[in-house]
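Once you've had a glance at the structure underneath, I'll fire off some questions.
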Protein chains: 2
Amino acid sequence: MLKEERHQVILNEVRIHNKVLLADIAEILKVSPDTVRRDIKELHDDNKLKRVHGGAISLGFNHYSYVNREIYSLEKKSQIAEKAVSLLKDGQVVLLSGGTTNLEISRLIPPHLKITCFTPSLPIAVQLLPKPNIDIIFIGGKINKDSQITIGGSPIGVLSELKADICFLGVNSIHPTDGVTEFDWEIVQVKKAMIKASKKVVVPSISEKINSGQRYKICDIDAVDYLITELDANNPVLKPYGKKIDLI
Amino acid sequence: MLKEERHQVILNEVRIHNKVLLADIAEILKVSPDTVRRDIKELHDDNKLKRVHGGAISLGFNHYSYVNREIYSLEKKSQIAEKAVSLLKDGQVVLLSGGTTNLEISRLIPPHLKITCFTPSLPIAVQLLPKPNIDIIFIGGKINKDSQITIGGSPIGVLSELKADICFLGVNSIHPTDGVTEFDWEIVQVKKAMIKASKKVVVPSISEKINSGQRYKICDIDAVDYLITELDANNPVLKPYGKKIDLI
DNA sequence: ACAAATATTGCATAAACTTGCAATATTTGC
DNA sequence: GCAAATATTGCAAGTTTATGCAATATTTGT
């Protein structure tokens with residue numbers, strides 16, 4: 001029995017059951033638990049699965065855990081989110097794209113605010129659920145598991161019939177001349193539709209994303225009305241945007 | 001059962017119900033309350049949920065620092081869900097209404113099954129998210145906060161363009177002559193549309209709901225193809241249904 | 001305020017993990 | 001092709017972790 005074979009067996013079990021028990025694998029493969037332990041250790045180091053006491057578990061098992069990624073920039077995101085929330089007023093119709101910054105925004109929306117939120121993001125809808133004064137309209141469609149938002153023709157169709165007061169557009173990258181860009185084509189299509197569906201477009205973005213670029217373009221800088229970062233509005237990094245966008 | 005699995009289950013329950021009772025988790029997972037207590041303590045320390053007397057609550061729910069006593073017959077629902085899941089086959093298009101029994105069904109869908117699930121239920125979508133082989137189509141619309149499903153014209157419109165293989169219809173009440181009934185008119189409209197949109201209609205229902213009635217009618221008994229309860233198929237309680245419905 | 005439910009603490013036991021080591025395989029350099 | 005170097009595997013001893021139980025304390029609902 002080659003090591004590679006064992007690895008395949010283990011990964012396969014994980015793929016099917018989302019987990020494996022070390023003892024089970026040892027039994028199936030007729031090798032010592034130590035060997036399996038070492039195999040799992042290797043696969044763990046290769047990021048193929050997650051090693052836990054007693055066995056291993058699929059990496060993707062908790063997709064929702066993307067909330068935990070980038071925990072380091074949570075502080076910045078909270079600062080941004082606080083600024084963003086201050087733009088909201090009673091009675092508005094708000095469009096929220098996906099992303100962790102927008103999730104933070106929806107977390108910070110004060111419970112007394114009476115607004116209507118449209119969103120294609122599952123985590124954001126869940127986040128808004130406990131707030132009694134917020135009407136939530138979920139923009140349906142096929143759910144993209146990575147981003148946990150709906151994509152494709154269906155959400156775009158819904159958006160084409162909507163005119164929201166304000167849109168919080170979570171972005172991957174923003175650049176003074178290249179505009180707003182994203183790496184996933186399907187998501188770009190949805191975000192384009194969101195911009196069309198809103199009177200005002202707000203981009204909340206941590207400063208790391210400023211001046212970077214991705215493969216696909218969502219819109220020019222001109223299409224963005226407000227740029228919110230954790231930085232002070234007259235920070236030199238933001239200089240190139242100042243003429244075209246209101247900085248917050 | 002790996003500790004990690006238990007953690008995932010607990011977090012999932014918290015996401016869906018916004019709270020968990022320690023005793024329920026112990027029951028579901030077949031472990032001692034002490035273990036669950038330790039699990040919750042760990043998750044609390046990791047800032048994944050908030051530990052409170054009697055269980056845990058979602059972080060987003062901090063204002064309500066209590067846990068409601070809510071008796072839900074989980075054991076029965078699991079039995080029903082297991083029977084329900086056995087009806088599923090690779091390649092099917094499945095329609096899932098809301099409700100805790102359907103939630104339990106979606107929890108038990110084996111991860112290797114390749115199916116497409118349409119649902120207007122937020123908790124069910126979240127529950128299905130980690131399963132890699134399931135395509136999830138969320139039926140969008142305005143979210144009803146009580147039931148956590150979308151209601152109104154929008155979901156009904158989507159359903160009118162769909163023909164699913166099988167529909168799991170969560171119900172409030174079922175009666176041999178009065179048919180399937182519900183207390184919320186808006187939800188009735190959605191469920192009517194779901195029945196039209198499916199080749200086969202399955203009603204998973206705990207036996208308490210059998211022979212009861214509510215204000216609004218969803219459909220006659222004839223429209224239901226299968227009735228799944230926690231009881232044995234030839235239990236006398238089910239006798240009146242036997243002629244018209246397959247009992248499981 | 002009291003009874004019932006839940007939490008804490010310490011402890012016991014079993015299972016799982018770590019580490020070092022020795023016996024075999026396998027690969028490498030010449 | 002062969003010896004040396006390297007990897008792999010199983011084992012054993014000691015350590016850590018996981019889990020349930022029981023006695024006691026705290027919290028909660030009425």
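Pop out the carbon and sulfur fraction of the accessible area of the protein assembly as shown as a percent, whole number, probe 1.4 Å.
Of all accessible area on the protein assembly as shown, carbon and sulfur atoms account for 50 percent.
For the protein assembly as shown, what is the charge dipole size about the Cα centre, in debye to the nearest 20, if Lys and Arg each add +1 at the Cβ and Asp and Glu each add -1 at the Cβ?
Roughly 360 debye, rounded to the nearest 20.
Counting only DSSP beta bridges with both residues in the protein assembly as shown, what percent are antiparallel, rounded to the nearest 5?
Just about 45 percent of them are antiparallel.
For the protein assembly as shown, what is the Kirkwood hydrodynamic radius in Å, using each pair of distinct C-alpha atoms?
Taking the inverse mean of 1/r over all distinct Cα pairs, the protein assembly as shown comes out at 24.4 Å.
Further, regarding this structure: What's the buried accessible area, both sides, between B and A using a 1.4 Å probe, rounded to 100 Å²?
Its buried surface, counting both partners, is about 3100 Å².
Additional query: How many angstrom lie between the Cα centre of segment B:185-248 and the Cα centre of segment A:130-200?
38 Å
OK, next. Would you pull out the residues with amide H under 5 Å of A:Phe118's amide H, same chain only if 5 or more places away, H placed 1.01 Å from N?
Hits under the 5 Å cutoff: A:Val94, A:Leu95, A:Leu96, A:Ile137.
How much accessible area per residue does chain A have, in Å², with a 1.4 Å probe?
46 Å²
Right, something else. According to the Cα gyration tensor, what semi-axes, each the square root of 5 times an eigenvalue, does the equivalent ellipsoid of segment A:102-248 have, listed from largest to smallest in whole Å?
That gives 25, 19, 13 Å for the three semi-axes.
Show me B:101-113, B:117-129, A:19-31, A:120-132 ranked by packing, highest mean number of other Cβ atoms within 10 Å first.
Ranked by mean Cβ neighbours within 10 Å, highest first: B:117-129, A:120-132, B:101-113, A:19-31.
For A:Gly179, what residues show an amide H to amide H distance below 5 Å, using hydrogens built from the backbone and excluding near sequence neighbours?
A:Ile221
Just want to confirm a number: the relative contact order over chain B, from Cα pairs under 8 angstrom separated by 6+ residues, in percent.
Value for chain B: 14 percent.
From the phi of every residue in segment B:116-131, what ³J(HN,Hα) in whole Hz does the Karplus formula 6.51 cos²θ - 1.76 cosθ + 1.60 yield, where θ is phi - 60° and glycine or proline is x?
Ordered by residue, 3J(HN,Hα) equals 10, 10, 9, 8, x, 9, 4, x, 5, 4, 5, 4, 7, 3, x, 7 Hz.
Another question, if that's okay. Positive end of the dipole of the protein assembly as shown, charges at C-beta (+1 Lys, Arg; -1 Asp, Glu), about the Cα centre: which of A:Thr35, A:Ile156, A:Val171 has its Cα farthest in that direction?
Comparing the listed Cα positions along the dipole, A:Ile156 ranks first.
Something else: Give a residue-ordered list of calculated ³J(HN,Hα) values for segment B:40-49 (Karplus: 6.51 cos²θ - 1.76 cosθ + 1.60, θ = phi - 60°; whole Hz; x for Gly, Pro).
Using θ = phi - 60°, the values come out as 4, 4, 4, 5, 4, 5, 7, 6, 8, 7 Hz.
A further question on this structure: Given points 7 Å out from each Cα along the Cα-Cβ axis, report the A:Lys89 to A:Asp178 separation in nanometres with one decimal.
Each label point is offset 7 Å from its Cα along the Cβ direction, giving 3.7 nm.
Next question. So what is the diffusion coefficient of segment A:111-181 in µm² per second by Stokes-Einstein at 25 °C and 0.890 mPa s, using a Kirkwood Rh over Cα pairs?
Answer from the Stokes-Einstein relation: 179 µm²/s.
For the protein assembly as shown, what is the mean residue ellipticity at 222 nm derived from helices alone (per DSSP H run of n ≥ 4: -39500 (n - 2.57); sum divided by total residues; nearest 500 deg cm²/dmol)?
-10500 deg cm²/dmol
Ratio of Rg to Rh for chain B, alpha carbon only, Kirkwood?
0.97
Further, regarding this structure: Output the antiparallel fraction of DSSP beta bridges having both residues in segment B:87-172, as a percent to the nearest 5.
Just about 25 percent of them are antiparallel.
Using θ = phi - 60° and the Karplus form 6.51 cos²θ - 1.76 cosθ + 1.60, what ³J(HN,Hα) does each residue of segment A:95-103 get, whole Hz, x for Gly and Pro?
With coefficients 6.51, -1.76 and 1.60, one gets 10, 10, 6, x, x, 6, 5, 5, 5 Hz.
What share of the DSSP beta bridges in chain B is antiparallel, in percent to the nearest 5?
Approximately 45 percent, going by the DSSP bridge assignments.
Would you please calculate the Kirkwood hydrodynamic radius of segment A:155-224 over all C-alpha pairs and express it in Å, rounded to one decimal?
12.0 Å
Still on this structure, please answer the following. Compute the label-point distances linking A:Gly152 to its equivalents in the other copies; points lie 7 Å from Cα along Cα→Cβ; give nm, one decimal, shortest first.
Copy-to-copy label distances at A:Gly152, shortest first: 2.3 nm.
Please get the size of the charge dipole for chain A, origin at its Cα centre, with Cβ charges of +1 on Lys and Arg and -1 on Asp and Glu, quoted in debye to the nearest 20.
220 debye
What residues have an amide H closer than 5 Å to that of B:Gly170, excluding those fewer than 5 places away on the same chain, when H is modeled at 1.01 Å from N in the peptide plane?
For B:Gly170, whose amide H was placed from the backbone, the distant partners under 5 Å are B:Ser97, B:Gly98.
Follow-up. Please report, to two decimal places, log10 I(q)/I(0) for segment B:3-61 at q = 0.12, 0.18, 0.19, 0.25 Å⁻¹ as given by the Debye formula with identical point scatterers on the Cα atoms and no solvent.
-0.20, -0.47, -0.53, -0.96
I would also like to ask the following. Placing the label point 7 Å from Cα along the Cα-to-Cβ direction, what are the distances from B:Asn133 to the equivalent spots in the other copies, shortest first, in nm to one decimal?
Label-point separations across copies, in nm and ascending: 4.8.
The values are calculated or read from the model by the stated rules, or taken from the named source; none is laboratory data. All of these numbers come straight from a predicted model, not from anything done at the bench. FYI the Cβ positions are ideal-geometry reconstructions off the backbone, even for glycines, and counts take in every protein chain you see. Surface accessibility is based on the protein's heavy atoms, side chains included, excluding ligands, DNA and RNA. Shrake-Rupley method; radii C 1.70, N 1.55, O 1.52, S 1.80 Å.
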